[in-house]
1. Would you kindly calculate the mean projected area, averaged across all directions, of the convex hull enclosing the Cα atoms of the range 72-118, in square nanometres?
2. For the range 50-67, what does the Karplus curve 6.51 cos²θ - 1.76 cosθ + 1.60, with θ = phi - 60°, yield as ³J(HN,Hα) per residue in whole Hz, taken in order and with x for Gly and Pro?
Amino acid sequence: MQYALLLCQLMVVIFVALHEYPAIRRSTHRERPVRIARVPGLAAVVVVGHLACAYGILRAWWIPYLGAPDPHRAQRYRIRFAGTHALLPERNGMRPDTLHVAFHTLVVAILILLALLTFGRQSA
């Protein structure tokens, strides 16, 4: 189920990249490039959704793991993720499991891609 959600998330970002941004165009040698039809507001929804997701990730995992310890959260996570594989060592009583680290990496990669597509536009 989690992999299906990650795949859907990636498909939405690819859809936005192909339909929202003018850098990807159709043209022939005789015509001026024509922008592919835009989906109004979809990019904003995707960006805001991923920023909210990144905030939740930071608050739930990385701030307690790297900085401010939260013993109650650490105890809950220790019980909930007891049998999972982890790449990172335990810190502050927590250790992010491999699936969460992969998901967090994907969210950061998507945010970087969205930033490049949004702010890296070249004026024609």
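1. On the way: hull surface 15.8 nm².
Mean projected area of the Cα convex hull: 3.9 nm².
2. 6, 5, 5, 5, 5, 4, x, 4, 4, 5, 7, 10, 7, 5, x, 6, 8, x
Every number here is computed from the coordinates shown, using simple stated rules; none is lab data. Worth saying up front: this structure is predicted, and the values here are computed from it rather than measured.
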